Each structure stands twice: as structure tokens, then as C-alpha cells.
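Take a look at the structure set out below.
The values are calculated or read from the model by the stated rules, or taken from the named source; none is laboratory data. Predicted, not measured: the structure shown is a model, and the values here were computed from it. Heads up, the Cβs are rebuilt from the backbone with ideal geometry, glycines too, and the neighbour counts pull from every protein chain shown. To get the accessible areas, we keep the full protein, side chains included, count just its heavy atoms, and leave off ligands, DNA and RNA. Shrake-Rupley method; radii C 1.70, N 1.55, O 1.52, S 1.80 Å.
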Amino acid sequence: SPVKINQISLDESGEHMGVCSEDGKVQVFGLYSAEEFHETFDCPIKIVAVHPHFVRSHFKQFVTGGKKLLLYERGWMNRWKPSVLHEGEGNIRNVKWRGHLIAWANNMGVKILDMISKQRITNVPRDDISLRPDMYPCSLCWKDNLTLIIGWGNSVKICSVKERHASEMRDLPNRYVEIVFQFDTEFYISGLAPLCDQLVILSYVKEISEKTEVECCARPRLDIVQPLPESCEEISSDALTVRGFQENECRDYHLEYSEGESLFYIISPRDVVVAKERDQDDHIDWLLEKKKYEEALMAAEISQKTIKKHKILDIGLAYINHLVEKGEYDLAARKCQKILGKNTELWEFEVYKFKEIGQLKAISRYLPRRDPVLKPLIYEMVLHEFLESDYEGFATLIKEWPGDLYNNTIIVQAVVDHLKKDPQNRTLLRTLAELYTYDQRYGRALEIYLTLRHKDVFQLIHKHNLFSSIKDKIVLLMDFDSEKAVDMLLDNEDKISIDRVVEELENRPELQHVYLHKLFKRDHHKGQRYHEKQISLYAEYDRPNLLPFLRDSTHCPLEKALEICQQRNFVEETVYLLSRMGNSRSALKMIMEELQDVDKAIEFAKEQDDGELWEDLILYSIDKPPFITGLLNNIGTHVDPILLIHRIKEGMEIPNLRDSLVKILQDYNLQV
């Protein structure tokens, strides 16, 4: 066009375009078809608007605005027929067509026409008539098919088109308009656009200069506001630096928007600024800028399908670096587990980074142990670090880490070297034993466990069948825990014979006794060749169990036993042996003389059931009144009591004589 284009209007499909220019020309044509309309008016045409559904054959309509609002419709023979919709209120300043509704602004206010009924349904008057309509033009914007947003001067109105109830119609149009929100803004409005239930407002700003104290043009503002019934709440505000803003007027700025894409175009004489809604990438940028790494990481994880600019891994690595810089090494190491996942290269890189800052210990607890597994060198490096400064920590890692993560031989050698400086260090010795166990050098491990008297020694022997290795260590095992050692040796006689055990314990008779005693309790015959030896062992170390042993053993030499018991003056054992050897009279005499226990003597006589024995008992007791009482009480069922009574000397005082005689008579009656 040789002259200025005043307006371009597209239909919703984007296939047809209307153009009007300063020389009065109006053109409507298809971008993808040959159809075209030309008309030249005798005055400049400022406004053109094509029907939103111009692409359809029965909606071939458009309007132009100048002094009049003209509607052009294509009719019969493809001819265009104009009709005047409105005139007489000054220039048409703005037209917006949506669905079946056309809204336009002139010098007096805003009108809405219903194209179905061809009736005007409202007139919204201009608020501030002091403002020149050509300098402060009206901004119109349809939010949807029934909601119109009007911005004029510093006033905003949101109008809703509603259906009138049938009972209210009379001669009125079947639709009416209700203003649902109305509020004033701080600055003059250059453009409006909807954003969900909020509004985007482009404002023309004037301010007083601090230097000259003269009113001047400031940078235009793009605000997002939340409409309220009689006011609004500012959600965000941006001042836009466009070239030449100092010379611009309110009419020089325009705001257009693309519905489907949430894109807003701010048009000024020299610049076009594109504004778009913040997305999750922007949010993450802001969080990273504020060093809110954890929140950024969380936001990225939640929106990982929609973010295009950021990668979760990059944010995670930045977070780890940030924590390291802050000195929060443990937290940084803990985050490595989640952030690095199964990426072995990154794991190894981070481990070296922690080594450089002397914080290998911090990351050690979180190193992966399987799926993935890092290079052995990494684990060895961590173990060496602990070995230099923290034996307990080293021991813990050896216990927790599988033995195949590192080269066992290298670590064993390192521990051995440290033990040269501190040979008695129990922690190092215990750890060395565990390393030997991983390496299947069980004999070495066993030696250390025994030296340390470690509770795992028996478990180690059983688990790895180390009985051949302990044949010469039986004394050590017994010293450590004789109970467990004996049980183990007896349970595994087939691997370590009784003879071998007894031989090993030859110089430790007290341990020999413990072993043989338990063997005897399990089986009276298995260790019969050692029963003679056991007599001395019981006599020396376990007198209470000597008599039960003598009673239960059938392989014990009685003469030898009697000799030992007499030497040690073991009366009860001697009595038992004498009676077992048939020398009952000597046994009874010993009870009477050594033990002076009439009840035991009577019990012994009853067991033997020998008349001569009773005679000996009576003879021994006849001059001892307490013994006579005992005999009187017990003799009645075995010997004729008269034999005893005849022998009691005249005048001897006998305790409880009457009761004893009564008992004799009762026993006699019972026998009869």
C-alpha cells in the first residue's frame, strides 16, 4: 500500500483478512483463495472487522468504521450489499466482533449489536468525557462469546451478555448486558487482554520528573490484575523499556494477544515486545537464581515431562556443589545417592571431588555397594583414608561392605603394616580377621579370633569346617569358653577324636576334667578308658560329682577309687566303695564312728538287710541314748525289738522313750 495501513482484521480460521488504509481503501480477501472485495471511500477508514466465521459461505460479512458503522454482506450474484448499523455519534474508534455480537466504541460510549436480531442491546457511556477520544482511545476485548472487557481512560468494565426472561421482554431485545466488574486503574489504559480469570492491562504512565518537576511520559507498564466487584488486586507489574517511550502518547501503544498460546504482543511505534506466561522453566530459573536448589530440584522432578530448558541431573549437580561450598558435606553426600543414581562416572567424579576437599569420610556411608558398583580403587581409597585416621570407622566399613568391592590383598597388607606400629590394637586385629575370612584364609582368622577371645570363633569353625585347624588350639578354645568348646568337640567327635582332645589337655587337668565329665554325662561307656583318671580329676576338681560318678560307672577300678577316697578322707565315697566291695561291716563302722549318723546307719543296715549288721549296730548303739531312740523308732519292722530292749542297761535315761515304745507296739500290731 502506498499509504498507511490503519487496521488488519483476520477471521478465526486465519484464512481471510480485512485491510483498511488512510486513502479510504478497504480490501477483504482470502489468503488461500481467489475471492476478493475492494471498495474505496471518500474518507480515511480507520476500522475494519471481518466476521469471525468468514470462511463459511453464509457468513461472508465484514464491518467498517469511520463516520458510520457499515455492514457489508455478500448476497445474490456474489454482490456485496452495504447497510448502516450506526451513525451520528462521531467517529467509530474501535470494533470487535465475536460470534453473533459486534461491539464498537464511538465518542459517546460503547454499543453492542446482536447480529441475529439486528438489535442494539446496550449502550455503555464513557466515564471521563474530559479525555479526548482520539488521544485516549477505547480498548475492547472479548473474553468469550458473552463477556466483553472495556478499558477507557483509567476505567475498566467487564460486561456480561445475558438472555432476558420471556416474561420481561415486551418490546425489549431478548438479550441485555450486565456490568459484573467495574474499577479504576492508577494509569491510562492502552490495551486489555484476558488471562484465565485475570486481566492483562497495558498502561500509559505519566509521572513528575524529580529534576524539572514537570510531568513527563514514563515507561509503559504491563500489569496482571485480579478483578474484584468494585476494585482489583495487582498480581504483578512490569515496566517495559521501549525505545522512544518519552515521546509516546496513550494511543501509540496497543496490546494484542494470541488466545491459544498465552502470548501477548505489546506494540509501540518503534518496538514490539512479546510477553508470555511464565512456565516451569522460568520458575526453576528463579529458584536457582535465589539458590533454592532443593525446591528447584523438586519442581523439576514434578514437571520433568514439560520442562524443556532444564535437566534434573544438572540441577542436582548444582545443588551438590552448593552444599559442598556451604560446608554441608554430609547432606551433599546423602543427596548424591538420589541425584547420581546409577551413573558410575558421576559417582567417581564426585568421590574425587570429596577427596580433594578432604571429605572422603562424609561420602563413604552413601557409596553404592551393588547396582552400580564403582571401580575397586574408589573403595580402596576410602578405606585407606579411614585406616589413617579412624580405626573404628574402618572396621565398620569392612563389616558393612561386601568383600568383593575392593582388592582384599591390598587392604590386608595395609592393615598388617599398621599393626606393626600398634600390634595389640584389638580393632585392627578384629578387622584383619574379617578380611582373612573374606579371603578364605580361615586358619589365620581363627588364630586372631582366639587371641582376641572373640565370640564369633565357634561360628567361624562351624561355618567353614575348620576342625583340622583347631586340633592344636583346643586349650585356647577351652580357656575362652569351656562350655561352648566342649559341646563343639563332643558334637564333632568324628573330626577330633576323644583321645586327641584328652592328649591336648594333658597339661590342663581342670579342663580335661570338664571335657571328660561332659563326655561321661552324654555316654557312660565312651570314655571308659579314662574312668580311672577321672577318679582323681573328680576328687581334685569336682567332689560333689564324684559319688554319682562312682555309682554310674561300671568301668571304674574300685580298689584305686577306695585308695584315693581313703587318702582324701572322703567318708561317704569310702562307705559306698566298701559296701560295693562287700565289706559292709567296715562301711557301717565308718558311718557310726566317722559320721555318727544313726539314721544313715539304720538306712545302710536296711539296704544291706543282714542280721549280723543289725547286731553290730545294736552293740555299737547300746551305750548311746540318742542312738537307742533312733533304733527304737526304726528297728521294729526289721529286727525283733525285744533283742534291743533286753540289752538296755537299768537306769539309762533314753529321750522320748515312751513315744518310741508306743511306736514299737503299733508296728508290731501292724505286722500281726
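What list of ³J(HN,Hα) values in whole Hz, one per residue of region 154-161 in order, does the Karplus curve 6.51 cos²θ - 1.76 cosθ + 1.60 (θ = phi - 60°) give from phi, with Gly and Pro shown as x?
10, 10, 10, 10, 10, 10, 10, 7
Starting from the residue with the highest accessible area, list H322, H165, H51, H646 in decreasing order, probe 1.4 Å.
These residues rank, largest area first, as H646, H165, H322, H51.
Ignoring ligands, DNA and RNA, how do R251, R170 rank by accessible area with a 1.4 Å probe, largest first?
Sorted descending by solvent-accessible area, the residues read R170, R251.
Could you work out the relative contact order of the chain, using alpha carbon pairs under 8 angstrom and six or more residues apart, expressed as a whole percent?
Computed over the chain, the figure is 3 percent.
Please compute the modelled spin-label separation between L228 and D659, points set 7 Å along Cα→Cβ, answer in nm with one decimal.
10.9
Hey, if you put +1 on the Cβ of every Lys and Arg and -1 on every Asp and Glu Cβ in the chain, which of I8, I267, S237 ends up farthest toward the positive end of that dipole?
Highest projection toward the positive end goes to I8.
Tell me the accessible surface of V205 in square angstrom (1.4 angstrom probe, heavy atoms of protein chains only), to the nearest ten.
About 10 Å², ignoring ligands and nucleic acids.
So how much slack lies between N174 and Y668, counting 0.36 nm per residue of separation and subtracting their Cα-Cα distance, in nm?
Stretched out fully, the N174 to Y668 stretch lengthens by 164.1 nm.
Leaving out ligands and nucleic acids, and using a 1.4 Å probe, what accessible area per residue does the chain come to in Å²?
Result: 54 Å² per residue.
Fully extended, how many nm does the chain gain between E73 and L558 (0.36 nm per residue separation, minus their Cα-Cα distance)?
Fully extending the segment from E73 to L558 adds 160.5 nm.
About the Cα centre of the chain, how large is the charge dipole given +1 on each Lys and Arg Cβ and -1 on each Asp and Glu Cβ? Please answer in debye to the nearest 20.
2560
Carbon and sulfur: what percent of region 276-380's accessible surface (1.4 Å probe)?
Of the solvent-accessible surface of region 276-380, carbon and sulfur hold 49 percent.
Determine the gain in length on full extension of the stretch E348-K276; use 0.36 nm per residue of separation and subtract their C-alpha separation, reporting nm with one decimal.
Result: 21.8 nm gained on full extension.
For R508 and I622, what does the FRET efficiency come to when R0 = 45 Å and r is the distance between their Cβ atoms, rounded to the nearest 0.05?
So the FRET efficiency works out to roughly 0.25.
Take the solvent-accessible surface of the protein heavy atoms, probe 1.4 Å, and return the percent of it on region 47-87 that carbon and sulfur atoms account for.
About 52 percent, which is the carbon plus sulfur part of the accessible surface.
Net charge within 14 Å of C138 by Cβ-Cβ distance, Lys/Arg positive one each and Asp/Glu negative one each, not counting C138 itself?
Counting the neighbours of C138, the net charge comes to +4.
Cα convex hull of the chain: how many Å³ per residue?
Spread over its residues, the Cα hull of the chain gives 471 Å³ apiece.
Extending each Cα 7 Å along its Cβ direction at A318 and Q566, get the distance between those two points in nm, one decimal.
Modelled inter-label distance: 10.3 nm.
How many percent of the accessible area of region 596-671 is carbon or sulfur, using a 1.4 Å probe?
Solvent-exposed carbon and sulfur of region 596-671 make up 51 percent of the total.
Write down the Kirkwood hydrodynamic radius of region 596-671, to one decimal in angstroms, obtained as one divided by the mean of 1/r over all alpha carbon pairs.
In region 596-671 this quantity evaluates to 12.5 Å.
For region 306-421, what log10 I(q)/I(0) values come out of the Debye formula at q = 0.11, 0.19 1/Å, with one point per alpha carbon and no solvent?
Cα-only, vacuum Debye calculation for region 306-421: -0.39, -1.00.
Using alpha carbons only, how many degrees (0 to 90, rounded to 10) separate the axis of helix 558-567 from the longest principal axis of the chain?
90
In whole Å, how far is the Cα centre of region 361-381 from that of region 591-658?
Using only Cα atoms to place each centre, the spacing works out to 88 Å.
Take F458, F349 and sort them by solvent-accessible surface of the protein heavy atoms, 1.4 Å probe, largest at the top.
In descending accessible area the options line up as F349, F458.
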